[in-house]
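The values are calculated or read from the model by the stated rules, or taken from the named source; none is laboratory data. Treat the numbers as computed from the prediction; the structure is a model and nothing was measured. Because the Cβ atoms are built from the backbone with ideal geometry, glycine has one as well, and the counts that use them run over all protein chains shown.
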Amino acid sequence: MALEVPAGYRPLDERTLPAWLADHPHLAARLGGEPAAWRVSEVGDGNLNLVFVVEGPAGALCVKQALPYVRLVGESWPLGLARIVFEHLATTTHARFAPERVPEVHHFDPVLYVMVMERLHPHVVMRQGTLEGVVYPRFAEHITDYLARVLFHTSDIALPGPEKKRLAKPFLDNVELCGITEDLIFTDPYTVCARNRWTSPQLDADAALIREDARLRAAVARLKYRFMTAAQALLHGDLHTGSIMVTADSTKVIDAEFAFYGPMGFDVGKLLGNLLLCHFAQAGHEEVPGARDAYRDWLLATVEGVWNGFARKFRDLWDRHGTGDAFPPALFTGESGARALRRLQEDFLAEVFRDALGYAGASMIRRTLGLAHNADLERIEDPDLRAECERLVLTLGRELILHAGDFRGIEEVTARARALYAHWRARREARSTRA
Ligand code: SR1
Ligand code: MG
C-alpha cells in the first residue's frame, strides 16, 4: 500500500532536482550557469533522509529532503515528514548562539519538506575520519563551544521563563523522533525485540545478560524518565560522530531532526559514548595490534577535552550571562551569595556529568545490541574480533549506567577505558603466544 503524504509532496531525485532549484532564483544564482550543467549526487548515508549535493559553475548546495519512512528499514516503517521542520527550527535557533558551528540555511520548503543548506566542503562526516584514524586537533575546542553556548543560552539559566517556554513549545510536537529515541535507546536493547541485532552467536550470552540485569534496567528507566521530563535546554538530540562534519580547523553540527527540550547530559553523553565506542573499535582498524595506540590516546584525550571544556565554558557563560529566571542574580548578592552560587553551579554540573555518563553508556549499548549500529564496529569484518571490541563497549557502557555517580571526574572514565583495553590486549597477546 502506498504511503500517505501531504498534498504537493513528492520525493526529489537526481533528475527532478535541477528543475526545482531553477524555480528558486536565489538558489540557482548560488550554483550559477544553466541547470543542465549542474551535477547532482545523492549522498545520504544516514538512517532517515535523502541528501543531495548539487554543484554548479559558481558554487554548490546541499539539499536535504525528508522521506515518509525510515530509510534504514524501508516503507514498512512510515515516519512523519515534519521532522525536517524541527531540524530547520533547531538549526536556525542554534545558529543564533553558535553560528560558526552549524551550516548556513538558504531555504526551507514546507510542501516538499526540503531544507537547502551550504554544501560543507572539504568537510567529511567525522565518523568517516575516525574510521581512517584522522586526528582533528580543534574538535574538542569547537564542539564544546557549540555544546556550552547552545545548551546554556536555551536554558532557564539564561532566558526569562516565558521566552524559554515559547522556544520549547514547538518541539513538544517532535513526538515521533523522541519516540524513536525512547524505544531504540532506552527500551529495545533491554527486552526481547525483533528490531534488535548483534554479532551472533558471539554476543548471544552478553545480550541475554544485559536483558536479564534488573539493576541495569532500572537505571536505564531512570535515564529514560529524565530524557522524557527534564526540559533543560534545546538539545540537538542525536549528537554522535555521524552528525558532525569536520576538517582540521572547522567543525559543523548537522542533522538536528531529533531536537527537543531535554536533559543537557543527553547531548554531551551521546557524543562521549560514541567517542568511547570508537576507542574500543580501533582494534578492528589497525594493521598490527597497537598501530593505532596514538589514535586511541587522541580519542580519550578528546573525551576528556569534551567534558572539561564543556563544563568550563558553561560555568563561564553562567557567570557572565546567568540572568535567566531560574537563578536570578537578586538571590546571590554579596560574598555569601557568590559562594552559594558557585556551590550551586558545581552541583548543577555534577548532575549533568552524572546524566552524561549514563547516556554515554546507554548509547554504547544501543549501538551494539539495538537496531542502529555504527560503522566504527560494523566495518570490522572478522566477526570474532568485532564481538571482542563490542564486548568492551558493553562492559564500559554497563558500568557507566550503573555507576555514573561513582566516577569523580572524566579522567576516571578514560582511565577505566584504557584499563579495559589494556587487559583485553594482554589476554589476546597471551593467547597468540600460546597458539
Ligand atoms: C530508525 S532511526 C535510528 C537511529 O538513527 C539516528 O541516527 C538516531 O540515532 C536513531 O536512533
Ligand atoms: Mg541523523
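Counting residues in segment 352-367 that are touching a Pro at 6+ places or on another chain (Cβ under 9 Å), in a helix (DSSP H, G or I) and within 16 Å of ligand 2 (Cβ to nearest atom) gives one or more. Here Val192 meets each of (1) part of a helix (DSSP H, G or I); (2) among the hydrophobic types (A, V, I, L, M, F, W, C); (3) away from ligand 2 (no atom under 16 Å from the Cβ); (4) more than 19 Å from Val306 (Cβ to Cβ) with one exception, condition (1).
Taking the criterion of being surrounded by 17 or more Cβ atoms within 10 Å (Cβ to Cβ), hydrophobic (A, V, I, L, M, F, W, C) and not in a loop (DSSP other than H, G, I, E, B), the residues of segment 26-52 that qualify are Leu27, Ala28, Leu31, Val40, Leu50, Val51, Phe52. A Cβ distance below 7 Å, combined with a sequence gap of six or more or placement on separate chains, defines the contacts here; from segment 360-388, residues that are more than 19 Å from Leu400 (Cβ to Cβ) reach residues that are among the hydroxyl-bearing types (Ser, Thr, Tyr) and modelled with pLDDT of 95 or more in the pairs Pro383/Thr199; Arg386/Thr199; Ala387/Thr199. On inspection, Gly242 fails the criterion of being surrounded by 19 or more Cβ atoms within 10 Å (Cβ to Cβ), within 16 Å of ligand 2 (Cβ to nearest atom) and on the phi > 0 side of the Ramachandran plot.
For the residues Pro57, Pro103, Pro18, Pro11, the requirement of being part of a loop (DSSP other than H, G, I, E, B), more than 16 Å from ligand 1 (Cβ to nearest atom), modelled with pLDDT of 95 or more and crowded, with 17+ Cβ neighbours inside 10 Å singles out Pro103.
In the list Glu141, Glu182, which residue meets the criterion of being surrounded by fewer than 18 Cβ atoms within 10 Å (Cβ to Cβ) and within 16 Å of ligand 1 (Cβ to nearest atom)?
Numbers: Glu141 fails: within 16 Å of ligand 1 (Cβ to nearest atom).
After ruling out the rest, the residue left standing is Glu182.
Scanning segment 64-100 for residues that are in a strand (DSSP E or B) and within 16 Å of ligand 2 (Cβ to nearest atom) gives Lys64, Gln65, Tyr69, Val70, Trp77.
Please indicate, with yes or no, whether at least one residue in segment 254-264 is aromatic (Phe, Trp, Tyr), within 16 Å of ligand 2 (Cβ to nearest atom) and either touching a Cys at 6+ places or on another chain (Cβ under 6 Å) or not in a helix (DSSP H, G or I) (or both).
Just the residues of segment 254-264 that are aromatic (Phe, Trp, Tyr), to begin with: 258, 260-261.
Among the residues that remain, those that are also within 16 Å of ligand 2 (Cβ to nearest atom) are: 258, 260.
Of the ones still in play, those that are also either touching a Cys at 6+ places or on another chain (Cβ under 6 Å) or not in a helix (DSSP H, G or I) (or both) are 260.
Within segment 254-264, one or more residues are aromatic (Phe, Trp, Tyr), within 16 Å of ligand 2 (Cβ to nearest atom) and either touching a Cys at 6+ places or on another chain (Cβ under 6 Å) or not in a helix (DSSP H, G or I) (or both).
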